[in-house]
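The values are calculated or read from the model by the stated rules, or taken from the named source; none is laboratory data. Quick caveat: nothing in here was measured; it's all calculated off a predicted structure. Glycine gets a Cβ as well: all are built from the backbone with ideal geometry, and neighbour counts include every protein chain shown.
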Amino acid sequence: MHSDTNNTTADSRYDAVALLSGGLDSILAVKVIQDQGLRVKCLHFVAPFFGKPHKRKHWEALYGIDIENVDISEEYVRLLTERPVYGFGKVLNPCVDCKILMMRKASELMHHYGAKFIISGEVLGQRPMSQRQDTLNVIRRDAEVKEVLLRPLCAKHLDPTEVELSGLVDRERLLGIKGRGRSEQLALAKHYGFAEIPTPGGGCKLAEKENARRYWPILKFSPKPSVRDFKLSNIGRQYWAEDRWMIVGRNHMDNSALLKVCGDADLVFRLRGFPGPIAVGRQFDGKPWTQDEIADAAALAASFSPKAVQSGKPVMVRVVAAANLRRLAEQGGEHAPVEGEVVFTVEPKRVTDKGWSESDWPTVREEIRADMRDKRA
Ligand code: SF4
């Protein structure tokens with residue numbers, strides 16, 4: 001786990017740590033506790049699927065809270081690779097396991113900060129899967145936070161927690177919000193004078209079909225799914241031919257991101273003589289591409305240059321391992337020949353022998369269901 005605050009000293013004590021998605025409910029839960037004069041450290045969890053670490057300072061100033069970004073990418077990728085114990089929600093969102101993972105991390109950090117309890121912004125009955133009473137109990141139990149978890153927004157509907165019984169937290173000043181309505185939360189946001197009202201949830205890509213179809217092939221084909229795999233799958237257009245994976249930039253921003261995120265052994269495809277996107281062929285460990293496969297992928301990469309296609313002639317595509325390009329960039333010799341670069345002359349083609357295609361959600365949904373059935377069997 002990586003966190004962005006390493007300067008905590010023994011005397012920087014907090015009463016509570018809070019799970020802060022950046023959604024309205026998570027912020028309100030913190031404010032309700034701060035109102036009682038208690039000190040709260042907010043934990044903003046970050047992974048390739050969620051988190052807005054760049055907003056930390058903005059939120060701190062806007063809402064008067066104290067935040068630490070906590071990177072849980074490695075643990076999260078492991079969770080997806082091993083498959084969630086409580087399954088996926090409507091898309092590829094393992095909400096119950098996700099909450100358990102976050103609660104466990106929060107529990108660790110609670111001790112680190114010398115805090116006595118954990119706050120979360122859940123409201124009973126608000127979300128179908130993760131906020132039902134029985135599910136809330138499962139999360140509390142499996143994360144082993146039963147004694148220390150306080151949900152200030154719906155506490156009046158739950159049994160008193162240790163910190164309420166001990167008098168550290170005044171139960172009378174906690175809330176009893178229930179259900180899907182938003183009016184009470186909006187009234188509270190007004191009461192606190194928020195200049196910006198965040199959206200209800202924190203925004204999670206695992207709950208979006210468009211992103212789930214990008215992620216699923218990794219879980220299916222990558223021999224050892226990695227954080228890098230999921231970061232790459234967030235960029236550009238994604239093409240698969242069985243376990244061969246090509247990522248094609250859609251614009252300048254994608255091209256730069258691809259070069260930054262791809263692994264040293266990944267293949268970078270660049271057109272010679274025509275403007276066109278950068279494409280990356282992901283080389284999984286122990287699965288190098290054949291020359292035939294590279295030539296086929298080069299034809300696909302070239303098809304994304306309208307000028308190359310319009311030329312009606314074979315075009316040249318330069319292919320090199322990312323490590324060699326990086327080495328050259330470090331030496332400041334961008335225009336010098338790149339060591340190990342091979343030039344392929346190909347006809348630009350969107351439909352090639354290898355059958356590259358983008359995943360579609362209905363197929364992916366069926367595969368996820370079948371995978372979950374197999375795992376349960
Ligand atoms: S929506 Fe995403 S971040 Fe939220 S609980 Fe579900 S999996 Fe976790």
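How many residues does segment 164-195 hold that are in contact (Cβ under 8 Å) with a residue 60 or more places away in the chain and over 30 Å from His58 (Cβ atoms)?
Qualifying residue count for the region: 2.
Take the conditions assigned to a helix (DSSP H, G or I) and among the hydrophobic types (A, V, I, L, M, F, W, C) and apply them to Ile139. Does it pass?
Taking the combined requirement at face value, the residue satisfies it.
Looking at Glu172, is it within 16 Å of the ligand (Cβ to nearest atom) and either surrounded by fewer than 16 Cβ atoms within 10 Å (Cβ to Cβ) or not in a loop (DSSP other than H, G, I, E, B) (or both)?
no
Taking Asp254, is it modelled with pLDDT of 95 or more, away from the ligand (no atom under 16 Å from the Cβ) and more than 30 Å from Val123 (Cα to Cα)?
yes
Matching residues to (1) assigned to a strand (DSSP E or B); (2) touching a Phe, Trp or Tyr at 6+ places or on another chain (Cβ under 9 Å):
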site: Gly276; (1), (2): no, yes
site: Gly281; (1), (2): yes, yes
site: Phe284; (1), (2): no, yes
site: Pro288; (1), (2): no, no
site: Asp296; (1), (2): no, yes
site: Ala301; (1), (2): no, yes
site: Asn324; (1), (2): no, no
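Is it the case that some residue within segment 313-332 is in contact with a strand residue (DSSP E or B) (Cβ under 9 Å, 6 or more places away or on another chain), over 23 Å from Val261 (Cα atoms) and in contact (Cβ under 8 Å) with a residue 40 or more places away in the chain?
Yes.
May I ask you to verify whether Lys41 is surrounded by 22 or more Cβ atoms within 10 Å (Cβ to Cβ), in contact (Cβ under 8 Å) with a residue 12 or more places away in the chain and touching a strand residue (DSSP E or B) at 6+ places or on another chain (Cβ under 7 Å)? Explain how you work it out, then say what you get.
Working: surrounded by 22 or more Cβ atoms within 10 Å (Cβ to Cβ): yes; in contact (Cβ under 8 Å) with a residue 12 or more places away in the chain: yes; touching a strand residue (DSSP E or B) at 6+ places or on another chain (Cβ under 7 Å): yes.
Yes, satisfied.
Looking for something within 11 Å of the ligand (Cβ to nearest atom) and without any contact (Cβ under 8 Å) to a residue 12 or more places away in the chain - is there at least one such residue anywhere in segment 128-135?
Yes, the conditions are met somewhere in segment 128-135.
Hey, any hits in segment 203-218 for a residue that's surrounded by fewer than 18 Cβ atoms within 10 Å (Cβ to Cβ), more than 16 Å from the ligand (Cβ to nearest atom) and either modelled with pLDDT under 95 or over 15 Å from Val123 (Cα atoms) (or both)?
Checked against the condition, which is being surrounded by fewer than 18 Cβ atoms within 10 Å (Cβ to Cβ), more than 16 Å from the ligand (Cβ to nearest atom) and either modelled with pLDDT under 95 or over 15 Å from Val123 (Cα atoms) (or both), segment 203-218 yields no hits at all.
Within segment 260-300, how many residues are in contact with a Pro (Cβ under 8 Å, 6 or more places away or on another chain), under 21 Å from Lys220 (Cβ atoms) and either crowded, with 19+ Cβ neighbours inside 10 Å or of a type in the set (Val, Ile, Thr) (or both)?
Of the residues in that region, 1 qualify.
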